[in-house]
Amino acid sequence: MFFEELSDSFEDPQSNELQIKELIHQALLDSIPGQFTKHPDYPVYCNRTEYLIHSQNEGLPLFPQTFPEVLLNWAGMDSNTVWTKEDLLVIDLETTGLGRGGILAFMIGLGYYEDDKYVVEQLFLPEPDAEINSFDRLMELLEQKSVLVTFNGKTFDIPVLESRFMHNQLWINFRKKEHIDVLHIARRLWRKKAPSCALETLEYYILGQIREKELDIEGSLIPQTYFQFLINGDPEMIRRIFIHNQHDVLNTASLLAFICEHIEHPVHSGLDYRIDYHAVAKLYQSQGHHHITKHILEELIQQDILSPDIVYDLGMIYKKESDFDRAESCFRQGAELNDVRAIHELVLILENKRKNYPEAIDVCMQLYQYLSWSYPQNPKKLEDAQKRLSRLQLKLDKAAILTTKTPR
């Protein structure tokens, strides 16, 4: 539509291609704040937005106050290095498809910290031939920054950039950069708490952000919208892609800052209902910080935050420490929550440590019944429970015989 209107203003649109391009460029300038680069042939359209990091993004932190050691270890970064917010470069692409090969990154969203500001830069291709020129600014920032921050960038954004750099006969080793993929740590922290770990889902359930549908655009519509722009030159829907991408770059930084603030131990800001602290405890446990794991789980129980996973994992820690009294207490709580793992561990303690065969039989019967009612059934576990019942009955009978034979 827009392109057709422009074409109608010339007697021979093909001979006036340059004038049409200039009019389309002017339409971009009129619709979206920004400016064109000084590349003579195929300039890139650039938008720059600044946010004061001390003001917060709608109540959310815009930069990490600290980088917890547990996060650095998880990301494979040197925890002895002093990392600062100035080391970070957030990258988010808008592309012509969802595959890795044969697609074009027509918008590169970049976020970085400059003095007391968080800066979002967006590099947009008014035409595909401008692609190689869009890499100039990206490479400049890559030379300055040492840590990439993405959301699913290890799987998507970085492979796409590698492919496009190779296509344009350019080389840069993205893999040498430190890389925090926020999606991966988000999955560890919220896969049991949020319906999904898509960025917009986490924005809503964790960050409390709701995108305005009238201004934003569905991610699935972005590729075809860019193709439509190439056909008709209308910048209106492109403006929505700028807004969508800016939200992505902004909220990726906010989510990282939120994670850094709440997984550090001890928690300085108090327990937050948005955080799955059991997942945080498991993160510390995966790195061998068992004392921190234990402390987090104990604090959760003290706060009456109970779940089968919390009481079972704490019970197992106590069991490894040979603190069978506390382990038994945890497994009893788990049994009340119908956790088959806790019931099984309780049977073991009653049988092997307490020699309380009558109660062990009762609890084992509870375990057998629970397994029988479960769907789908696990024949192996049912068989093991039946064998344990038989063994416990033999031990009880033997103990009774020994008691009978013991002289008074």
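Rule-based calculations on the coordinates, nothing more; no lab input. Small disclaimer: the values here were computed from a predicted structure and weren't measured. Using ideal geometry, Cβ is built from the backbone for each residue, glycine included, and neighbour counts are taken over all protein chains shown.
Evaluate Rg over Rh across region 187-245, taking Cα atoms for both radii and Kirkwood's formula for Rh.
Expressed as Rg/Rh, it is 1.12.
Measuring from label point to label point, each 7 Å out along Cα→Cβ, what is the Phe227 to Gln35 span in nm?
Those two pseudo-labels are separated by 3.5 nm.
Determine ³J(HN,Hα), in whole Hz, for all residues of region 177-194 in sequence, where each value follows from phi through the Karplus function 6.51 cos²θ - 1.76 cosθ + 1.60 and θ = phi - 60°; x replaces Gly and Pro.
6, 5, 9, 9, 8, 5, 4, 5, 6, 5, 4, 5, 8, 10, 5, 9, 10, 9
Over region 227-278, how many percent of alpha carbon pairs lie in each 10 Å bin up to the one with the longest distance?
In order of increasing distance, the bins hold 20, 30, 19, 15, 13, 3 percent.
Enumerate the whole-percent occupancy of each 5 Å bin, from 0 to the last occupied one, for all C-alpha pair distances of region 265-305.
Spelled out bin by bin, region 265-305 gives 6, 25, 36, 25, 8, 0 percent.
Using a Gaussian network for the chain with springs between C-alpha atoms less than 10 Å apart, which of these wobbles most: Leu183, Leu394, Leu348?
It is Leu394.
When N is the residue count of region 110-248, what does its C-alpha Rg come to as a fraction of 2.2 N^0.38 Å?
On the way: Rg = 16.5 Å, N = 139, 2.2 N^0.38 = 14.3 Å.
My calculation over the Cα atoms of region 110-248 gives 1.15.
What range in the chain is the longest one free of chymotrypsin sites (Phe, Trp or Tyr not before Pro) that are in a loop by DSSP and have at most 16 other Cβ atoms within 10 angstrom? Could you put the intermediate results ahead of the total?
Numbers: sites that count: Phe10, Trp171, Tyr273.
The answer is 11-170.
Counting helices only, and only those DSSP H runs with n ≥ 4, report the 222 nm mean residue ellipticity of the chain as the sum of -39,500 (n - 2.57) divided by its residues, in deg cm²/dmol to the nearest 500.
-16500 deg cm²/dmol
What order do you get for Asp115, Asp304 when you list them from fewest to most C-beta neighbours inside 10 Å?
Least crowded to most crowded, the residues run Asp304, Asp115.
By how many degrees, between 0 and 90 and to the nearest 10, does the Cα long axis of helix 277-286 differ from the longest principal axis of the chain?
So the inclination is approximately 80 degrees.
Treat the count of other C-beta atoms within 10 Å as a stand-in for reagent exposure and order His167, His25 from fewest to most.
His167, His25
Lys192 to Thr81: FRET efficiency via 1/(1 + (r/R0)^6), r the Cβ-Cβ distance, R0 30 Å, to the nearest 0.05?
0.40
Just list whichever of Lys320/Lys381; Lys85/Lys177; Lys38/Lys154; Lys294/Lys353; Lys355/Lys381; Lys294/Lys395 have alpha carbons separated by over 25 Å in the model shown.
Numbers: Lys320/Lys381 23 Å; Lys85/Lys177 15 Å; Lys38/Lys154 32 Å; Lys294/Lys353 22 Å; Lys355/Lys381 23 Å; Lys294/Lys395 35 Å.
With Cα atoms farther than 25 Å apart: Lys38/Lys154; Lys294/Lys395.
Only one of the values (i) 198; (ii) 185; (iii) 159 was calculated from this structure for volume of the Cα convex hull per residue in Å³; name its label.
(ii)
Any chance you could list the semi-axes, whole Å, largest first, of the equivalent ellipsoid that the Cα gyration tensor gives for region 189-334, using √(5λ)?
Whole-Å semi-axes of the equivalent ellipsoid: 45, 13, 12.
Can you tally the net charge around Lys213? Count Lys and Arg as +1, Asp and Glu as -1, for every other residue whose Cβ sits under 14 Å from the Cβ of Lys213.
-4
Quick one: 3J(HN,Hα) in Hz for region 29-43, Karplus 6.51/-1.76/1.60 with θ = phi - 60°, rounded, Gly and Pro as x.
Once θ is set to phi - 60°, the couplings for region 29-43 become 4, 6, 9, 10, x, x, 7, 8, 5, 8, 4, x, 8, 10, x Hz.
Note down the Stokes-Einstein diffusion coefficient of region 309-405 in µm²/s, whole number, using a Kirkwood radius over alpha carbon pairs, 4 °C, and 1.567 mPa s.
In µm²/s, the coefficient rounds to 94.
How high is the FRET efficiency from Asp304 to Glu50, r the C-beta distance, R0 41 Å, rounded to 0.05?
0.40
Please list the non-local residues whose amide H lies under 5 Å from the amide H of His39, H modeled 1.01 Å from N, same-chain partners needing a gap of 5 or more.
Val44
Starting from the Cα of Arg274, step 7 Å along the direction of its Cβ; do the same at Ser220; then give the gap between the two resulting points in nm.
It works out to 2.7 nm between the two label points.
Can you give the FRET efficiency for Leu18 and Lys176, using 1/(1 + (r/R0)^6), R0 = 35 Å, r = Cβ-Cβ distance, to the nearest 0.05?
0.25
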